[in-house]
1. Considering the range 146-169 alone, what residues qualify as being surrounded by fewer than 19 Cβ atoms within 10 Å (Cβ to Cβ) and hydrophobic (A, V, I, L, M, F, W, C)?
2. Within the range 90-112, count every residue that is exposed (fewer than 14 other Cβ atoms within 10 Å of the Cβ) and among the hydrophobic types (A, V, I, L, M, F, W, C).
3. Take the residues in the range 33-62 that are polar (S, T, N, Q) and more than 19 Å from Asn182 (Cβ to Cβ), then tell me which one is surrounded by the fewest Cβ atoms within 10 Å (Cβ to Cβ).
4. Which numbered condition in (1) touching a strand residue (DSSP E or B) at 6+ places or on another chain (Cβ under 9 Å); (2) among the aliphatic types (A, V, I, L, M); (3) within 22 Å of Lys67 (Cα to Cα) is the only one that Ala155 fails?
5. Output the qualifying pairs, or none if there are none: Cβ atoms under 6 angstrom, residues six or more apart or on different chains, first residue in the range 41-60 and touching a residue at least 40 places away in the same chain (Cβ under 8 Å), second residue of a type in the set (Val, Ile, Thr) and part of a loop (DSSP other than H, G, I, E, B).
6. Test of understanding: among Ala104, Ala179, Ala165, which residue is free of Cβ contacts under 8 Å to residues at least 12 places away in the same chain and within 27 Å of Lys21 (Cα to Cα)?
7. Just a yes or no: is a residue in the range 122-141 among the small types (Gly, Ala, Ser), in a strand (DSSP E or B) and at pLDDT 95 or above?
8. So which strands (runs of 3 or more DSSP E) are wholly in the range 25-104 and hold at least 3 residues that are in contact with a Leu (Cβ under 8 Å, 6 or more places away or on another chain)?
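The values are calculated or read from the model by the stated rules, or taken from the named source; none is laboratory data. Because the structure is predicted, anything quoted here is derived from the model rather than measured. Note that each Cβ is placed from the backbone with ideal geometry, even for glycine, and that neighbours are counted across all protein chains shown.
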Amino acid sequence: MKKSILLFALVGLTTIAFAQKKKTTTSATINFDATTSIDNLPKADNKTVIASIDTKTGNVAFESVIKSFTFSNPKIQEHFNGEKWMDSNKYPTATFSGKITNVAAVNFKKDGTYNAEVAGDLTIHGVTKPVTTTATVVVAGKSVTTTTNFSVKLADYGVNGGAIAAGKVATEPKITVMAAFN
């Protein structure tokens with residue numbers, strides 16, 4: 001009898017320990033779209049982004065390896081990672097750390113689609129700037145999916161180069177971050 005009670009207590013404590021409010025994924029995606037009327041090729045995807053969300057506090061974060069962005073044209077990818085652009089050897093990651101500022105408006109325990117306001121710090125090319133954006137949060141059972149779209153000014157992050165000056169790359173590319181947490 002004592003062993004049964006001890007076993008049930010251990011199972012209960014284990015369940016509580018694993019019922020954390022923080023969800024993570026290693027397969028979030030970032031879409032980068034810097035197309036212009038002159039060139040429609042500067043588009044890239046990164047499908048190996050690490051992301052987390054804390055459904056209790058609203059804390060959100062992601063980390064992206066710059067070299068994991070893939071372009072349809074290998075030459076553009078080479079330029080993107082080069083010293084005159086992202087300099088991915090010197091600045092290997094881009095990160096975001098922030099919070100859903102209206103977390104009370106998102107019911108993580110009830111299926112539905114919610115609008116979230118997000119504020120935090122985005123670090124690209126070794127430069128950190130504040131970013132505010134909106135996100136869509138979809139709750140379906142124990143799964144949470146988030147999507148956000150925003151633009152960044154490359155010059156704010158010290159990213160410049162001949163292709164940008166020539167109008168072949170947008171000065172404010174569109175960024176889409178999507179993450180599915182189970």
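1. Of everything in the range 146-169, those that are surrounded by fewer than 19 Cβ atoms within 10 Å (Cβ to Cβ) and hydrophobic (A, V, I, L, M, F, W, C) turn out to be Phe150, Ala155, Ala165, Ala166.
2. Applying the first criterion (exposed (fewer than 14 other Cβ atoms within 10 Å of the Cβ)) to the range 90-112 yields 90, 104-105, 107, 109-112.
Subsequent filtering for residues that are among the hydrophobic types (A, V, I, L, M, F, W, C) retains 104-105.
Result for the range 90-112: 2.
3. Pass one, the range 33-62, residues polar (S, T, N, Q): 35-37, 40, 46, 48, 52, 55, 57, 59.
Subsequent filtering for residues that are more than 19 Å from Asn182 (Cβ to Cβ) retains 35-37, 40, 46, 57.
Numbers: Thr35: 16, Thr36: 17, Ser37: 8, Asn40: 10, Asn46: 19, Thr57: 12.
Going through the qualifying residues, I end up with Ser37.
4. Status for Ala155: all satisfied but (1).
5. Close Cβ pairs (under 6 Å, with a partner that is of a type in the set (Val, Ile, Thr) and part of a loop (DSSP other than H, G, I, E, B)) amount to Pro42/Thr35; Pro42/Val169.
6. Values: Ala179 fails: free of Cβ contacts under 8 Å to residues at least 12 places away in the same chain; Ala165 fails: within 27 Å of Lys21 (Cα to Cα).
Answer to the check: Ala104.
7. Residues of the range 122-141 among the small types (Gly, Ala, Ser): 126, 135, 140-141.
Within this subset, residues satisfying the condition of being in a strand (DSSP E or B) are 135, 140.
Those still in the list that are at pLDDT 95 or above too: 135, 140.
Yes, the range 122-141 contains at least one residue that is among the small types (Gly, Ala, Ser), in a strand (DSSP E or B) and at pLDDT 95 or above.
8. Numbers: elements: 43-54, 59-65, 93-100.
The qualifying strands (runs of 3 or more DSSP E) are 93-100.
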